[in-house]
1. Say whether the condition of being at pLDDT 90 or above and farther than 27 Å from residue 161 by Cβ is met by at least one residue in the range 124-131.
2. Test residue 32 against the criterion of being closer than 22 Å to residue 117 by Cα and at pLDDT 75 or above, and give yes or no.
3. If you go through the range 376-399 one residue at a time, how many are loosely packed, with under 15 Cβ neighbours inside 10 Å and either within 48 Å of the chain's Cα centre (by Cα) or under 22 Å from residue 467 (Cβ atoms) (or both)?
4. Looking only at residues that are of a type outside the set (A, V, I, L, M, F, W, C), within 27 Å of residue 137 (Cα to Cα) and modelled with pLDDT of 85 or more in the range 35-59, which one is most open to solvent (accessible area, probe 1.4 Å)?
5. Take the residues in the range 400-431 that are at pLDDT 85 or above and charged (D, E, K, R), then tell me which one is surrounded by the fewest Cβ atoms within 10 Å (Cβ to Cβ).
6. Say we look at the range 134-148 and pick out the residues that are in contact with a Lys or Arg (Cβ under 6 Å, 6 or more places away or on another chain) and surrounded by fewer than 20 Cβ atoms within 10 Å (Cβ to Cβ); which of these is modelled with the highest pLDDT?
7. Being modelled with pLDDT of 55 or more and surrounded by 14 or more Cβ atoms within 10 Å (Cβ to Cβ) is the filter here, so list the residues in the range 432-442 that pass it.
8. Please go through the range 447-484 and pick out each residue that is open to solvent by 40 Å² or more (accessible area, probe 1.4 Å), assigned to a strand (DSSP E or B) and either touching a strand residue (DSSP E or B) at 6+ places or on another chain (Cβ under 7 Å) or of a type in the set (Gly, Ala, Ser) (or both).
Amino acid sequence: MKGKLKTNLMIMELAFLLIVVGGSILVYHLFASSCYNSLKARMVREAFQDIREIDLSGLDEEDQQVLESYEEESFSFTIADEDLQPVYVTNAQDSEHMVQKNIRLHLEEFEQNPQVIQTSSRNTERSRLRGILTQDGIDYYVCIKEANNGMSSALFYTERFLLLVVAVTLLLGSFVMYILGRRIAKPIEKLAVVSKKLAEHDFSARVKEETPYTEVNELARNFNAMADQIQYYIQELEKRNTELECSNAHLREQNERTEGLERMRQELNANISHELKTPLAIIASQLEMLELLEGSRPEKSSYYFSSIQEEIQKMADMIQDLLKISETGHELERLEWRELDLSEITEYLILKYDALFRQKRIKRICRMEQGCRILADQSSIEKAISNYMLNAFRHAAAGEKIMITVERQGDQVYFRVYNDGAGIRQEDMDHIWESYYQGENQENHAGLGLYIVKTIVLLHGGKYGAANKEKGVEFWFSLPACEE
């Protein structure tokens, strides 16, 4: 049953007093008499043991003092020898009568190992012991009696007994108070544990509201409500932060895309201006020569017209190459990922360029491993393979060899193209992958092929490279293999 904490504390205090007082009375009523009799019997036995150590053949003053100390505690002694002659009697004035009364009439009750016999009447409780002591071959009859007729002795024993009762009741009461106090403190301790978790930013912790006390339940409800509000506000803040981060990331992406397009536009304009400068200068000079000739030398005029036409074609090819990088950037934004067999794509492109290889009498060696599957955009991969093949075709002389290899190594699929011919200069090796770079003997194109390959491979999570071999050059790229 639930109740107020104050009421429960009052009930506990009353219960404690009831345990102490009522327990004391109950224990006194049940055990006081037996405890008192046990103490008296023990004192009688102690007195008999003390007499056993006294020389009864001749009592001195010290021995009499021992007996008198017991007499102060309401003990009386009657001691006689084997002839029933008095040796020591508490009431010395009537010693013969006491021997007659306590010994002679009860000779059959005397024993070598006597027991304490307790009797009680309406107002008096008695303890007596009748025993026989043998010293130097002489038997002595000893009768010890203890009668409690006064208040001092009763108060003495009652006081000692109540001390014991109070100690026991205090122990029991303390145990009960401990149990009840622990029951009260337990929900408060749980509140402290949960508050510590909240301080450590663990806002999922809650306090159980099912306790026996109304005040603690109310505190737990308010505590949980506060924790719910804090958790809600923090979740809202985290949600807003996430939204802001997404918005900032989107803005950064848009800014980067805008900046990239702007850089591409500026770079394209600069390169167009730079690349067209030379052919325009040649065309201008050729036109000046035609004006000077004015039909005087037709063969020269034909040569200049042919040269102008060649330069115009170069300009068209150059502009087309310059626009490739822009087209590639837009195409790579729309990649369509599919599972592809790199060997099948390579074989298709080899057939596509077969006439071109035959025209230059180039020997082709193909090594295709089956099952080299990748996850990629087919159009982009075909463009990368084509650029590698055409690059090898352009640098291989007539009658030389081109080797095309597709194989799987571990979790990577490799594509390699080797061609006979001059190697790449070391100073050019680090720059051939840059856009618009033209190395030695590359004056007929804008230097975008290898840059496009690099861009495609990196977008597919792959690697690329080139190496000089003994008689030629090998270009390669690798892509993650797609498991069956």
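1. yes
2. Taking the combined requirement at face value, the residue does not satisfy it.
3. Within the range 376-399, residues that are loosely packed, with under 15 Cβ neighbours inside 10 Å and either within 48 Å of the chain's Cα centre (by Cα) or under 22 Å from residue 467 (Cβ atoms) (or both) number 2.
4. Across the range 35-59, the extreme among qualifying residues is 53.
5. For the range 400-431, the residue satisfying everything is 411.
6. Checked the range 134-148; the qualifying residue modelled with the highest pLDDT is 145.
7. Of everything in the range 432-442, those that are modelled with pLDDT of 55 or more and surrounded by 14 or more Cβ atoms within 10 Å (Cβ to Cβ) turn out to be 432, 433, 435.
8. Residues satisfying the conditions are 463, 464, 476, 480.
The values are calculated or read from the model by the stated rules, or taken from the named source; none is laboratory data. No experiment lies behind these values; they were computed from the predicted model shown. Here the Cβ is made from the backbone with ideal geometry for all residues, glycine too, and neighbour counts use every protein chain on show. In case anyone asks, the SASA skips ligands and DNA or RNA and just uses the protein heavy atoms, side chains included. Shrake-Rupley method; radii C 1.70, N 1.55, O 1.52, S 1.80 Å.
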